[in-house]
1. Taking amide hydrogens as modeled 1.01 Å from N in the peptide plane, which residues meet the under 5 Å criterion relative to HIS253, leaving out close sequence neighbours?
2. Mean-square fluctuation check for the chain, GNM, Cα pairs under 10 Å: which of VAL62, VAL342, VAL38 is largest?
3. What is the local net charge at ASP79, summed over the other residues whose Cβ is closer than 9 Å to its Cβ (Lys, Arg +1; Asp, Glu -1)?
4. Top mean-square fluctuation among ALA290, ALA111, ALA346, Gaussian network model of the chain, C-alpha springs under 10 Å?
5. If you fit an axis through the alpha-carbon atoms of helix 381-397 and take the longest principal axis of the Cα set of the chain, what angle between them do you get, 0 to 90°, nearest 10?
6. Packing-wise, with mean Cβ within 10 Å as the measure, how do 185-192, 198-205 rank, highest first?
7. Take peptides 390-396, 258-264, 357-363, 269-275 and line them up by average Cβ neighbours within 10 Å, highest first, as a rough protection proxy.
8. Once both axes come from the Cα atoms, what is the angle between helix 209-222 and the longest principal axis of the chain, in degrees from 0 to 90, rounded to 10?
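What follows draws every value from the coordinates through simple rules; no lab data is involved. The shown structure was predicted, so the numbers you read here are calculated from the model rather than taken from an experiment. All Cβ positions, glycine included, derive from the backbone under ideal geometry; neighbour counts span all protein chains shown.
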Amino acid sequence: MTAQDLPLAAAKALAALRRDIHAHPELGFQEQRTADLVAAHLHGLGIAVDRRFARTGVVGLVHGRDGGACGRMVGLRADMDALPVQEVNTFAHASRHAGVMHACGHDGHTAMLLGAAERLAHTRDFDGSVVLIFQPAEEGRGGAQAMVAEGLFEHYPVEAVFGLHNWPGYPVGSIACSPGPVMAAPSTFRLVIHGRGSHAALPHESIDPLPLACQIVLAWQDIISRNKRPLDTAVLSVTMIHAGEASNVVPDHCVLEGTVRTYREEVTDLIEQRMRTLAVHCCAASGAQAEFEFQRRAPAVVNHPHAAAVAQRVAARVCAPGLARVQEPAMPSEDFAFMLQVRPGAYAFIGNGEGGHRSPGHGDGPCTLHNPSYDFNDALLPLGVAYWVELAQTWLGEPAPVR
């Protein structure tokens, strides 16, 4: 199948569905309307639906021409949740829920997989079964981990599982997939500096936590530039500093929070240890106390070589010449990594363009992920459907991999 094989009417219907989901965003584990919409759509196609996983997860099972008798299965996964972002777009399909927005394109991911479900159910041009995984709570709330822990792959023992995410900056019509690490392992940290407050005009009576916070932020950056090997990729970002309530008061504490992104666990170990040591000793030198927490949220997304090779061949078939690209590793994270820990698979990027597709009424910001001016590009929908369908048929049409 190619993108051109999707009838114009079907493409328009899919775009309308995507915009409906965009207008009604829901946060992780709260995707009740979205899950109901997905389940109803699958039921209407005669696809068996399973809603037992991760509270709002939906799984559809499409059997091929053999009714699934051969026992082979492949999994295709889309995420459904939105972000706690106030949308600034004012076009007709902008979010109707204050403070919640589809700022990462999960509305488009859901629509693409629903479009593929319709095509697969209509043609059934394969032997075996395709497992359609509509996952809740990808945005840091543990949806993939919950589905795995609740037995998704015991109930549906897929040979491989695949994911697909839109990627702003990649040209429309492009798909990229490569073996090896493609998205980073995320960690979060929180440091509370306990000092001693005073009148701002009498700073000698205080243990001021704010200069300590500034020193620590700068010292932590030396971990990246001077402690880890230059060849080990890592990001350390302090994204929140909270302290004080009045201009004439030295506060008694300061809170710093942020994120660390790495590809190797040993690098995470090093960064955590150095962050803790620097915070504790910097505070102790001034008579303050440090309360440091570090949480590892997910592993890195690492594409399996064989699965990535199959995805690359499929991308070359469904994309126009020159638009099947090499995938550049990125530092954002994806909890699809939890699925890849228990099943082979690959995670691909589909180009969302530079933002010129947006309807009148979009915000002044860039069309980048997690930006309040973002919108998914509906021109991707036919290509995404074609990729999913061709990928499922190709995987099940080749000999089963030896484990």
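1. GLY195, GLY244
2. Among VAL62, VAL342, VAL38, the largest GNM mean-square fluctuation belongs to VAL342.
3. On the way: positive: ARG77; negative: ASP81, GLU138, GLU139, GLU334, ASP335.
Net charge around ASP79: -4.
4. ALA290
5. Approximately 70 degrees, to the nearest ten.
6. Output ranking for 185-192, 198-205: 185-192, 198-205.
7. Put in order of decreasing packing, that is 390-396, 258-264, 269-275, 357-363.
8. Approximately 50 degrees, to the nearest ten.
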